[in-house]
Amino acid sequence: MYAISLGDDGAELRPLEPWQADEFLAHMDRGREFIGARNGLPHVVTDLESSRAFLRLYAEKTATDSGRIHGIWFGDTLVGAVILRRLDPGAGTAEAGCWLEPAAVGKGLVTRAARALVDWAIEVRGIHRVEWVVSSDNEPSIAVARRLGMSRDAVLRESLSYRGRLHDEEVWSVLAPEWRAAKSASLAAGGGTAGS
């Protein structure tokens, strides 16, 4: 299995596969309340079988080139993930997402992991438009979209029903030419990659 370094702190991005269901469930249990505040996944992954089923769904998406899931490891611990919920190379579109357990917050892990995933989608799979759909009250996720160089395209008023409440959702996106221009400018300035 491969791992992509996310920096000098030992953080890595690795594929998540069904055989890792135990580790994925343990991660979800550690972050269940925190992750569940803004993401319905803790209601889906509740035991070993549902953990395996969720990872199997993404294994099938990987096999059909319609999505991806990669875990974020800090040291030897799975602390979060980034996903391509939707990947359509034919149409040139994808939708990215993320989550993180509370112990890993504030280290820039999601931004670094999402940057690697978006770069892969654009540069390897030829995606033209990567979207980031987020509840309007999820400031940390909106901050990631901004750091990735995304622009807010729309606010979908009261479009998401979650925990008995209607939430506005925002659609953020970056286009391949914008991504490449930001990456080139950052490299020319001696910085990192796009969205640094």
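The values are calculated or read from the model by the stated rules, or taken from the named source; none is laboratory data. On a predicted model such as this, the values are computed, not experimentally measured, just so you know. Don't worry about glycine lacking a Cβ; one is built from the backbone with ideal geometry, like all the others, and counts go over all protein chains shown. Remember, those area values only see protein heavy atoms, side chains included, never the ligands or the DNA or RNA. Shrake-Rupley method; radii C 1.70, N 1.55, O 1.52, S 1.80 Å.
Please list PHE74, PHE54, PHE24, PHE34 in order of solvent-accessible area, largest first, computed with a 1.4 Å probe with all protein chains present.
Details: PHE74 65, PHE54 30, PHE24 0, PHE34 105 Å².
Putting PHE74, PHE54, PHE24, PHE34 in descending order of accessible area: PHE34, PHE74, PHE54, PHE24.
Take the alpha carbon atoms of the stretch 36-84, find their radius of gyration, then divide it by 2.2 N^0.38 Å using N residues; give the quotient. The partial results should precede the final answer.
On the way: Rg = 11.7 Å, N = 49, 2.2 N^0.38 = 9.7 Å.
It is 1.21.
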* Counting only residues 5 or more places away or on other chains, whose amide H sits under 5 Å from the amide H of GLU170 once H atoms are built in the peptide plane? -> VAL134, SER135, SER136, LEU156
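Ratio to report: Rg/Rh of the stretch 110-152, with Cα atoms as the point set and Rh obtained by the Kirkwood method; give two decimals. Could you put the intermediate results ahead of the total?
Values: Rg = 10.6 Å, Rh = 10.9 Å.
Result for the stretch 110-152 is an Rg/Rh of 0.98.
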* Cα gyration tensor category, rounded, prolate or oblate, for the stretch 24-122 with a/c compared to 1.5 -> oblate
* To do: Return the calculated 222 nm mean residue ellipticity for the chain, to the nearest 500 deg cm²/dmol, obtained by summing -39500 (n - 2.57) across DSSP H runs with n ≥ 4 and dividing by the residue count.
  => -11500 deg cm²/dmol
* Assign one of three labels to the stretch 71-183, namely rounded, prolate or oblate, based on the Cα gyration tensor with a ≥ b ≥ c the square roots of its eigenvalues; rounded applies when a/c is under 1.5, prolate when it is not and a/b is larger than b/c, and oblate otherwise. => oblate
* **Förster-model FRET efficiency, 41 Å R0, THR46 and ALA189, C-beta, rounded to 0.05** => 0.30
* Kindly provide log₁₀ I(q)/I(0) values, in the same order as q = 0.11, 0.13, 0.14 Å⁻¹, from the Debye equation applied to equal alpha-carbon scatterers of the chain. => -0.48, -0.69, -0.81
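Within 10 Å of each candidate Cβ there may be at most 10 other Cβ atoms; applying that plus a DSSP loop requirement, which trypsin sites (Lys or Arg not before Pro) in the stretch 116-177 survive? Please list the in-between numbers first.
Working: sites: ARG125, ARG129, ARG146, ARG147, ARG152, ARG157, ARG163, ARG165; in loops: ARG125, ARG163.
Qualifying residues, ordered by number: ARG163.
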* Quick one: which residues, 5+ away or cross-chain, put their amide H under 5 Å from the amide H of THR46? H built at 1.01 Å from N. => SER51
* Asked: Over what distance in Å are the Cα centres of the stretch 120-152 and the stretch 23-47 separated?
  -> 22 Å
